[in-house]
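Colleague: Structure incoming, see below.
Rule-based calculations on the coordinates, nothing more; no lab input. Computed from a predicted model, the values in this text were never measured in an experiment. Note: ideal-geometry Cβ built from the backbone for every residue, glycine included; neighbour counts use all protein chains shown.
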Amino acid sequence: MPKPFVGRTGFETTSPSFSPDGKQIVFMSPRPLTPQLYTMNVDGTGLRLLTPVVAGKRSYRTGPDWSPNGDEIAFQQQNGDFQVWTIGVKDRVMRQITSEGENEDPSWAPDGRHMSITRRLGAIGEQRNIWVLDERTGRLRQLTQSGDARLSDWSPPLKAAF
């Protein structure tokens, strides 16, 4: 049964991603000033600002995706161009994963090591493509050449039917 989310009336709340155990949600809300990431329990309790807000520093954070093991959340942060970052769920340590071009829409692979991202290497207006990023090594591999691909997602692990 749907349960309305209350407490952020008048603010756009988007980009939900469930924790692997299904007990929590991470999402974006532009409160207090710029879009930040929040977590809460699925019953609406335990609301917590996940990403730190630094006074006087612009930090637009959105597009969260919970890692398969539940320890990290990948997201995109804008300080000029968008880049992919991760944040530890428990320790809240942030780590920048990409730095060249503009990188958005992270989606974890079931192996917890790779993610697909939307990447643009040229100026605004240049084509975007889907790339696979090895989170451990930083190695990138381009998947699409189509012109303007975005918002990739991984299927769940497939199991043999025999």
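Colleague: If r is the Cβ-Cβ distance from residue 33 to residue 158 and R0 is 35 Å, what FRET efficiency results, to the nearest 0.05?
Modeller: 0.25
Colleague: Would you order 18, 162 from fewest to most other beta-carbon atoms within 10 Å of each residue's own beta-carbon?
Modeller: 162, 18
Colleague: Further, regarding this structure: What are the aspartates and glutamates whose alpha-carbon lies under 19 Å from the alpha-carbon of residue 23, with same-chain residues fewer than 8 places away excluded?
Modeller: 43, 65, 71, 72, 91
Colleague: To continue, here is another question. Counting only Cα, what are the radius of gyration and maximum Cα-Cα distance Dmax of region 14-142, in Å?
Modeller: For region 14-142, the Cα radius of gyration and maximum Cα-Cα distance read 14.3, 43 Å.
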